[in-house]
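Reviewing the structure listed below.
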Amino acid sequence: MSIYKAPDLSKFPDCYGLSIMGKCSRLTLFYCQGKECAFKQSKEEYSVLKQSAQKRLASLSISKQIRIAKKYYGGSMPWKEDETMAEKMAESKNY
Ligand code: SF4
């Protein structure tokens, strides 16, 4: 028998950082702070903001992109991968 009890997630906000155990995976907090949390973000909001940030990164000069990739992404450019994937999906729809 488990000593842990799953929390009632309906009491927590709609946030992509919320784990199924009611813990926060976005911040350095252990438990979710609830509906008053200033950092809560739904999956849709997160997706829109991520796309916007990746679009912005892709619009920078290649030298700036390389510098940012090295400093923050371990040398990879996830915004390029998503861009390539979006282009492939658009191309496949045209056929
Ligand atoms: S503490 Fe804030 S960011 Fe973390 S899961 Fe809860 S609402 Fe989301």
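Read-outs throughout are calculated quantities, based only on the coordinates presented, and are distinct from any laboratory measurement. This structure is a prediction, so every number in the text was calculated from the model and none was measured. Note that we place each Cβ from the backbone using ideal geometry, even for glycine, and neighbour counts take in every protein chain shown.
Here are the numbers for the structure shown:
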item	result
The stretch 7-82: projected area of the alpha-carbon convex hull, averaged over directions, in nm²	6.1
Projected label distance in nm at Ile68 and Leu29, using a 7 Å step from Cα toward the beta-carbon	2.8
Whole-Hz ³J(HN,Hα) from phi, Karplus 6.51 cos²θ - 1.76 cosθ + 1.60, for the stretch 20-26, glycine and proline x	5, 9, x, 9, 8, 9, 9
Computed lengthening from Ala58 to Glu45, 0.36 nm per intervening residue step minus Cα-Cα distance	2.7 nm
